[in-house]
Each structure stands twice: as structure tokens, then as C-alpha cells.
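Some notes on the structure that comes next.
Derivation of every value follows stated rules applied to the coordinates shown; laboratory data play no part. What you are looking at is a predicted structure, and each value in this text was computed from that prediction instead of being measured. FYI the Cβ positions are ideal-geometry reconstructions off the backbone, even for glycines, and counts take in every protein chain you see.
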Amino acid sequence: MGVQGFPTLKIVRPSKTKGKPTVEDYQGARSAKGIVDAVIEKIPNHVKRLKDADYQAWQEESDAPKAILFSDKGTVSALLKAIAIDFRDSISVAQIRDKEKETAKMLNVEKFPTLVLLPGDGKDPVRYDGEMKKEAMVTFLSQAATPNPDPAPRDKKSKSSSTTNKSKASKASSSFSKASASHASEEGKTAKASQTAESLEDESNPTESPNPNVVTDDTPKPVKVPNIPPPIPVLADGLSLQQKCLNSKAGTCILALLPKPEADRASDTTTQALNALREIHHKHSHAKRNLFPFYQLPSSNSQAAALRTKFAPADPDIVLLAINGKRTWYRPYPSSTSFSHPDVENWIDAIRMGDTPKRDVPSGLIMNAQDLPPEPVQIDLDELQEMKESMRGSMPAGVDFELEEVDDEMYASLMAQASGAQGEADAETTATPVSSVVEPDVTISRRASGGANETPISEFKKMTEYEAMSRGAKSSGKDEL
């Protein structure tokens, strides 16, 4: 389809070549009316536009049935286009304006719109008096001709019913083959082959397959565990809010300002809004699409009151707000819109596409990122354990290491050692190969028979080379590390 971004709208229409539809990009407005108008415009038009001077010639073209709509509008409606398609090659459909007085007088038409059927074969015209609804109009025109049927789907039911017995037999044969193959595999592992001895088993006493777990029609299907969206993160204090969203380097954030517990008179509204946010964010995360972060701010957050004062002073309920610290704009959620899932998602999609007007953030709200303390480092213990296991597999035989958390004093000492070692390495660059210079910024434990001692990595490298040489191994030190 040539899709390069999301969301992308394309209009697909059938073409003259079967199986190869015509695909066009939609370039119109991102609104319901714009999309509907574009689709209606692409409907094939088989309706003939008539005037008083054309009516007689059109009527005498053939003796086939004809239908003519007297309308006070100049454009052909999507309804009439669809009817013309349904009766194509059986009823000729036309439209004529109310300004054409002669034809209207000839067929006794006094109100608009009015549909008139000309049955043909010399029969008198029949005027339609029902509602302008497709189903009723098609029924009315069906007295003169049968509408074209929709393309029938492939008859899978008859094919499946005729092959039911074959399918069951095939499944039974497949299950027996799998069980037999599994049985033969187990016997091949335990029994030795013999050319002189054969043992034949009676077919009336079949042996049990060692692996009888064969899926059949009667096998119960596994229960699908619902994928429950996780709650959106909470920013409990003002500093975390400034570090995440309200600073000069922060991108777009969606903030949910929660009402005070004692003033929460619309708990259902709050729950509905939070559920919509968590489901939308989970959907984008599950599809691995980059989406700006969502946060909820409890009333206890020191910055929440300030945000309410600036953006929604009179609203006691939950407030949704999109804010961008780097570009200093914000966009509130429309107060007249409900917090249903579709409405919230439409608002977020409009922010993603940049289709919404933005307002300037009041001065004094966005902090300079350099004036804020660094965020605390969050360590994923599971990820750390995986890294440890992968590194252990690449270590030389007889060498192990441990990961250990250090305090600020130890960290400063290690950084000082690293700086000193780097200075010495720079002074000896002309005489020392590059491969032998390693920054000692990691502490590794070398386990020996006498215990485990923490040793800087530069010393560890020297000991690794010494051990390799003492074993008669050829090692460069760097490769083993």
C-alpha cells in the first residue's frame, strides 16, 4: 500500500481488472465530513443528467425500464448512485432538476424529490410515494427488473461438508503416524538392533505411545489470559513533575490532574478518563509505536494546585492536559467533551498529528533543565541479571566476577583511579600498544583458592595474562577479557 506514516487513509475501489483494485491516497481534511465526501465522490456515477430537451430522446433509446428522479438539487446523491449501480444494465436511471417544468408537468410531478418508474412496453408511468430510503426504493423498482446480486462468497460450506469424512480420516491417520513415529523413536533409544531376532506384537494388544499428546478435535483449547493494561505512572511530588515534563528540555506529556479525595464528586468520570488513558497507551506500547508519556498527578502533588489554578481553576473534576516544556505550548482537553475512550483517543491523535491549536504556557511554569537536580537512576534488576549471565559465559575458564553496588565515596575513588590511569596511559601512548590500555572503571572479583579479592580491571588484565602464560596458553589478554 506504500504506507509511510500513521494514521494514513486510502480509498480502495474495484477496477476493471479482477483482483487488482484501484488504491488512492486521501489528501483531504481529517474530519468525518471530509472523509465521507471524498468516498461519495469516488462512487461510480451511472446516473444520466437530463433537461426538458433531452427527455424524449432518452425515453426512446430503448423499451427497457427507466427510472427518473425529479430533484431540487443539482448534484447526484450517493443514494441514487448506489441504486443506479444495483440496476445497471436492467434499468436506466436519470435525474432532472425541478427547473425543467415541461417534463414535470408531463409526468404530473408537483413535489420534489419524486421518483417515477417508466416500466416500458407501453405501460403507464408509476410514481413512488414512499420514503427516500434505499431498501424501499429498490423494492419499488424491483417490480420492473431484478437488482444485480452482490458478489457471492466462495461456497466453503459445501466443500467442507463433502470432505468431512476425508478430513476426519486424515486427522486420525496423522495422529496415528505421529504416535507411531514417537514410539519408534523411543524404542530406537533403548533397544539395540538385531538381524537374527524379530519380535512381532499382536495387533489386538497395541502398546501405548510414549508421547500420546496429539492435538485432536476433542482437545480443549488453551484459555486466553486477558491482557490487562497497566496503570499510568504517578508523579507524587513537584520535583518529579518538573524533571519529567515542566523543564526546558521536556517533550510532550499528557497529564491527568486528579481531584481532591474529599471533593471527588465524579469518581465515575475520573475512573473512565484514567481507564481510557491506560488502554490507549497500552495499545500503542503493545504495537511498539512511540507515544509521549502519560502521567497522573494526585492532588497532594505540590505542582498540581498550581496547574489547576493556571489551566482549570473552576473545574473540580479530573483535568486532562497536554504540555510541551521544550516548545512551551499546552492544549487542554475540551470541557464539553466526554471522557469516553473514542473521544480521548481522538484528542490524543489530534495532538500526535499536530492538527490542534496550541496555546502558550504561562511564564514561570517551565524550569530551566540545567537548574534541576539529575533524576535518580532506576536499575532493572532482571536486566542486570541477564547481563551478568551473558558476561559470565564469555569469561575465560577459572575466572568469575561479581556485580556490587558502591556508595558515593567509593564511586569517587574509582573515578579518581580511572582519571589517574588514563593520564599515565596517555603519556605512554607512543610506547604502549592501544590494545593494552583499559580504563579501570569496573571492579571485578577474581576467585582463587584463597578467597575473592576485588581488583581493578587493569590489575585483573595483568593477572589474566600471567595465569595464561603459566598454563602455557597463548593469550593477548584483551581477547580473553
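Assorted remarks:
- Nearest-20 debye value, the stretch 238-371 charge dipole, Cβ charges on Lys, Arg, Asp, Glu: 540 debye
- Residues whose placed amide H lies under 5 Å from that of K48, excluding near-sequence neighbours: V93, A94, Q95
- Charge dipole of the stretch 48-141 (Cα centre as origin; +1 on each Lys and Arg Cβ, -1 on each Asp and Glu Cβ, all else neutral): 380 debye, rounded to the nearest 20.
- Annotation: amide H-H contacts under 5 Å for G120 (H modelled 1.01 Å from N, sequence separation of 5 or more, or interchain): K66.
- Rounded to 0.05, the FRET efficiency of the K388 and K249 pair, given R0 = 35 Å and the Cβ-Cβ distance, is 0.60.
- Residue-wise HN-Hα couplings along the stretch 294-303, as the Karplus relation 6.51 cos²θ - 1.76 cosθ + 1.60 with θ = phi - 60° gives them from phi, are 10, 9, 10, 10, x, 5, 6, 5, 5, 8 Hz; Gly and Pro carry x.
- Contour excess over end-to-end distance, with Cα ends at K221 and E61 and 0.36 nm allotted per residue: 51.2 nm
- Whole-Hz ³J(HN,Hα) from phi, Karplus 6.51 cos²θ - 1.76 cosθ + 1.60, for the stretch 268-276, glycine and proline x: 5, 5, 4, 4, 4, 5, 5, 5, 5
- Note on S267 and I11: their simple-model spin labels are 5.1 nm apart, each label 7 Å out from Cα toward Cβ.
- Shown is the FRET efficiency for E131 and A29, computed with R0 = 35 Å from the Cβ-Cβ distance and rounded to the nearest 0.05: 0.70.
- Full-extension gain in nm, T328 to E375, via 0.36 nm per residue minus C-alpha separation: 14.8 nm
- Listed pairs K42/K81; K81/K105; K51/K134 exceeding 22 Å between Cα atoms: K81/K105; K51/K134
- Phi-derived couplings, Karplus 6.51 cos²θ - 1.76 cosθ + 1.60 at θ = phi - 60°, listed residue by residue for the stretch 330-344: 9, 8, x, 6, x, 5, 8, 9, 6, 9, 5, 4, x, 5, 5 Hz, with x used for Gly and Pro.
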